[in-house]
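*Asks:* Take a look at the following structure, please.
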Amino acid sequence: MTAGAKTSPEQAPIHVLWINAGLSCDGDSVALTAATQPSVEEIALGALPGLPNVAVHWPLIDFECGPQGGADDFLEWFRKADRGELEPFVLVVEGSIPNEEVSGEGYWCGFGNDPATQQPITTNEWIDRLAPKALAVLAAGTCATYGGIHAMAGNPTGAMGVPDYLGWDWKSKAGLPIVCVPGCPIQPDNLAETITYLLYQASGQAPMIPLDEALRPTWLFGRTVHEGCDRAGYYEQGDFAEEYGSEKCIVKLGCWGPVVKCNVPKRGWMDGIGGCPNVGGICIGCTMPGFPDKFMPFMDEPPGGKLSTTVVGPYGAAVRSLRKITGKTLDKEPKWRHRAAELTTGYQGSQR
Ligand code: SF4
Ligand code: SF4
C-alpha cells in the first residue's frame, strides 16, 4: 500500500504521481513538509471533510522503496499510469525541464530505468508519456513553473518550465490548464492548498481553478508583496533602511516587493511566522516568470524603486511630520476626564 491509500476504499483513489526528477534541489518537497493549512498528513490521510480518497506517490513520504520489479517498487505506479492502468491521477512535476534535444549522447535528468533496456528514462519522456493521461498537471516551485535558477542566461541545459515544455495553452484531458505554484521554494501552504483545491475539483466539489496569465492561482498571487508587507507603513512615510538589521522598509537594499506578486508577507512562511521582507530579507521576485535574470543584481535598489522612493521621499517626509502632530494629539486623553466639581463631558441632562 502506498502513502495515504485507505485500506477499504469505497471509491477508487485519486492518485498523486509526484516526479521530483527535474532540475531542482528538492526544496519544494522539503518546504511542503512544513505545510499546516492543510498539512501533508491531512491530505495523504484524507483527514479533511469531503476530501476524496487519495493515494500519494511522493518520494519524500512513500515507503515503497523496494527493488525494480519487486512488490514495493515505487516506480511501478508510474508505469501503471503509463500503461493506462491508473485512473484518475494528478501529475506533480518538481524541477525544471532540460532540453534533451541539446544533451548530445548523454541526458540531463532521468527517473528510473526502462525494465526492458535497463537504460534511464528521461524526465522529459515521463512527462511526454504521463501528461496526456493526467487529470491535471501541477508544476510545483519556480523551476517547474518557469525554469528558475537552472534556466538563467548562459546555462548549458536549455532548461525551461513545464508550460514552456508542454505549451502555455496546453490543457489536460479534463480541460485544465497547467497549474503553476511558483516560489523558490514554494510557500508550503500555497502548494498544500492548491493540491487540496485540485483534489476537490477532481471530485466535483470545486469549480474550475482560477488562474492568472502566468497560470498561478489568482487567490494566492493576485496581490503584490508590498501590499501585504509589515514594513509598508515605513515605505509610505519615506522611511528607508540604510543597512540590514533595521525594522524600516528595505527597498533601498534591493527589495522588489512593490512589483512582485506573492502572498508570503501576508501568509508568513511556516504557521504564519516569517515571510521574506517581514523578517528582513529583500524580496528577489522568486515567484515571477522573469526570475532570476530580470531581478539581478539582487542587492541593488531596483531601478523602478529609485524613482518611486525619490517621489515618495518628500511626500513621506510630510506625512511623517503631520502624523507626529496627529499622534501627539491622539496620545492624550479628552479634556473632560477629570476630578473637578464641574461636569464638562457635554451631557445635556435627562430628556424626560
Ligand atoms: S520592504 Fe519591500 S515589500 Fe516591504 S514595504 Fe518595503 S519595498 Fe514594500
Ligand atoms: S516575498 Fe519575494 S523572495 Fe519571498 S517568496 Fe515571495 S517572491 Fe519570493
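The values are calculated or read from the model by the stated rules, or taken from the named source; none is laboratory data. Here the structure is a predicted model, which is why all the values come from computation and not from measurement. So basically every Cβ, Gly included, is an ideal-geometry build from the backbone, and we count neighbours across all protein chains shown. The accessibility values were calculated without ligands, DNA or RNA, using every heavy atom of the protein model including side chains. Shrake-Rupley method; radii C 1.70, N 1.55, O 1.52, S 1.80 Å.
*Asks:* Looking at this structure, is Thr309 more than 16 Å from ligand 2 (Cβ to nearest atom), open to solvent by 30 Å² or more (accessible area, probe 1.4 Å) and among the polar types (S, T, N, Q)?
*Replies:* no
*Asks:* Quick one: would you say Ser29 is out of contact with any Pro (no Cβ under 8 Å at 6 or more places or on another chain) and either farther than 12 Å from Ile195 by Cβ or modelled with pLDDT of 95 or more (or both)?
*Replies:* no
*Asks:* Consider the stretch 94-116. How many of its residues are among the hydroxyl-bearing types (Ser, Thr, Tyr) and under 26 Å from Gly69 (Cβ atoms)?
*Replies:* Counting residues in the stretch 94-116 that are among the hydroxyl-bearing types (Ser, Thr, Tyr) and under 26 Å from Gly69 (Cβ atoms) gives 1.
*Asks:* Report whether or not Phe291 is of a type outside the set (D, E, K, R), open to solvent by less than 30 Å² (accessible area, probe 1.4 Å) and within 14 Å of ligand 1 (Cβ to nearest atom).
*Replies:* no
*Asks:* Do you know which residues across the stretch 33-67 are over 17 Å from Leu17 (Cβ atoms) and either polar (S, T, N, Q) or free of Cβ contacts under 8 Å to residues at least 24 places away in the same chain (or both)?
*Replies:* Thr33, Thr36, Gln37, Ser39, Glu41, Glu42, Ala47, Pro49, Gly66, Pro67
*Asks:* Next question. Can we say Glu193 is assigned to a helix (DSSP H, G or I), under 17 Å from the mean Cα position of the chain (by Cα) and among the charged types (D, E, K, R)?
*Replies:* yes
*Asks:* Among the residues of the stretch 56-99 satisfying the criterion of being modelled with pLDDT of 95 or more and among the small types (Gly, Ala, Ser), which is surrounded by the fewest Cβ atoms within 10 Å (Cβ to Cβ)?
*Replies:* Ranking the qualifying residues of the stretch 56-99, first place goes to Gly84.
*Asks:* When the residues of the stretch 294-306 are narrowed to those that are assigned to a helix (DSSP H, G or I) and within 16 Å of ligand 2 (Cβ to nearest atom), which ends up most open to solvent (accessible area, probe 1.4 Å)?
*Replies:* Lys294
*Asks:* Determine if the stretch 322-340 includes at least one residue that is within 12 Å of ligand 1 (Cβ to nearest atom), among the basic types (Lys, Arg) and farther than 20 Å from Arg223 by Cα.
*Replies:* Within the stretch 322-340, not a single residue is within 12 Å of ligand 1 (Cβ to nearest atom), among the basic types (Lys, Arg) and farther than 20 Å from Arg223 by Cα.
*Asks:* Return the only residue of Thr326, Thr309, Thr345 being of a type in the set (Val, Ile, Thr) and in contact with a Pro (Cβ under 9 Å, 6 or more places away or on another chain).
*Replies:* It is Thr345.
*Asks:* Hey, could you check the stretch 248-274 for residues that are over 15 Å from Thr36 (Cβ atoms), more than 11 Å from ligand 2 (Cβ to nearest atom) and of a type in the set (Val, Ile, Thr) and say which is surrounded by the fewest Cβ atoms within 10 Å (Cβ to Cβ)?
*Replies:* Residue satisfying both the conditions and the ranking: Ile250.
*Asks:* Something else now. Of the conditions (1) closer than 18 Å to Cys143 by Cβ; (2) surrounded by fewer than 19 Cβ atoms within 10 Å (Cβ to Cβ); (3) within 12 Å of ligand 1 (Cβ to nearest atom), Ala214 fails just one. Which one is it?
*Replies:* Of everything listed in (1) closer than 18 Å to Cys143 by Cβ; (2) surrounded by fewer than 19 Cβ atoms within 10 Å (Cβ to Cβ); (3) within 12 Å of ligand 1 (Cβ to nearest atom), Ala214 misses just condition (3).
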